[in-house]
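**Q** Encoded as structure tokens, here's the structure I'll be asking about.
The values are calculated or read from the model by the stated rules, or taken from the named source; none is laboratory data. No experiment lies behind these values; they were computed from the predicted model shown. No Cβ is skipped: glycine too gets one built from the backbone with ideal geometry, and neighbour counts run over all protein chains shown.
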Amino acid sequence: MNNRFNSIPNHIAIVCDGNGRWASQKGLPRSYGHKKGTEPVENITKICSKIGVEVLTLYVFSTENWSRSKEEVNFLMKLFVKFFKKLHKNASSNNIKVRHIGVKNNLSDELLNEIKKAEESTQNNTGMTLNIALNYGGRIEIINSVQDLLCQIKENKIKIDDINDEVLSNHLFTRGLPDVDLIIRTSNEHRISNFLLWQSAKAKIWITPTLWPDFTKEHLFQAIEYYNRVLH
Ligand code: IPE
Ligand code: MG
């Protein structure tokens, strides 16, 4: 399948946006859009792993999304519990390693437990890493890293001069993983939205008007084609 491309991005990061609009356009409650949005998540994950993407990061809930209605947030949190339960079952058959990136505070014990199960049961898989960015924020991630590093300086474990790109990268949620090569954003929003601020320093960005629930393999392939065109 990857004969179609000269180069496959090592790390693809997707802002899964437009679920609410997808539902509103059909006269349905926003929750229908969120539910439908889990279909491309499963589909795109499988395709990325098949074509040899090393890391796929999906942005499904930001630290800013708590400001939505209580009803919507509750619905999403329940959906995430179901989603991680399913991932726990399916990821192993696709040799995928699951990782949650984001802040653990504010997440329910039930959700944290499902996340833990999915991560632990897939940690020895050798295929693609799937990062689920849930309660994720780029700034808080950098702040946490700086705090960690300052503690280490205080305890004389490292020196100020030791801090470089690599050292800081190794304190992010994405530690050990390559930088982002390609960001995909759906629903025509031209915003970064606090997503992988450090890791995307050199990333290419592809934006599509397609709403996330309608995102298919063809859209993914258009994005990878774009990546190949702008690579050099
Ligand atoms: C993305 O869809 C999913 C989440 C952020 C949880 P939105 O819910 O942002 O959908 P729109 O942008 O309102 O259409
Ligand atoms: Mg949105």
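**Q** Could you tell me whether any residue of region 34-47 is in contact with a strand residue (DSSP E or B) (Cβ under 7 Å, 6 or more places away or on another chain), on the phi > 0 side of the Ramachandran plot and not polar (S, T, N, Q)?
**A** Scanning region 34-47, I find no residue that is in contact with a strand residue (DSSP E or B) (Cβ under 7 Å, 6 or more places away or on another chain), on the phi > 0 side of the Ramachandran plot and not polar (S, T, N, Q), so the answer is no.
**Q** Of Glu155, Glu189, Glu141, Glu166, which residue is touching a residue at least 24 places away in the same chain (Cβ under 8 Å) and loosely packed, with under 14 Cβ neighbours inside 10 Å?
**A** Step by step, each of Glu155, Glu189, Glu141, Glu166 is checked, and only Glu189 is touching a residue at least 24 places away in the same chain (Cβ under 8 Å) and loosely packed, with under 14 Cβ neighbours inside 10 Å.
**Q** Further question on the same structure: Go through (1) touching a Phe, Trp or Tyr at 6+ places or on another chain (Cβ under 8 Å); (2) free of Cβ contacts under 8 Å to residues at least 24 places away in the same chain and name the single condition Gly102 misses.
**A** Looking at each condition in turn, Gly102 falls short on (2).
**Q** Here's a follow-up. Filter region 22-33 down to residues that are buried (at least 17 other Cβ atoms within 10 Å of the Cβ) and not aromatic (Phe, Trp, Tyr) and give me whichever is nearest to Arg185 (Cα to Cα).
**A** Checked region 22-33; the qualifying residue nearest to Arg185 (Cα to Cα) is Gly33.
**Q** Same structure, new question: Return yes or no: is Thr57 closer than 19 Å to Leu111 by Cβ, crowded, with 21+ Cβ neighbours inside 10 Å and either at pLDDT below 95 or polar (S, T, N, Q) (or both)?
**A** yes
**Q** Moving to a separate point now. Inspect all residues belonging to region 180-191 and state whether any of them is over 24 Å from Asn65 (Cβ atoms), away from ligand 2 (no atom under 16 Å from the Cβ) and either at pLDDT below 95 or not basic (Lys, Arg) (or both).
**A** Yes, region 180-191 has at least one match.
**Q** Now, a different point. Please give the number of the condition Val41 fails out of (1) β-branched (Val, Ile, Thr); (2) touching a residue at least 60 places away in the same chain (Cβ under 8 Å); (3) within 16 Å of ligand 2 (Cβ to nearest atom).
**A** (2)
**Q** Within region 196-219, can you find the residues that are crowded, with 22+ Cβ neighbours inside 10 Å and among the hydrophobic types (A, V, I, L, M, F, W, C)?
**A** Those that are crowded, with 22+ Cβ neighbours inside 10 Å and among the hydrophobic types (A, V, I, L, M, F, W, C): Leu196, Leu211, Trp212, Phe215.
**Q** Another question, then. Among the numbered criteria (1) closer than 22 Å to Ile183 by Cβ; (2) surrounded by 17 or more Cβ atoms within 10 Å (Cβ to Cβ); (3) of a type outside the set (A, V, I, L, M), which single criterion is violated by His88?
**A** Unmet condition: (1).
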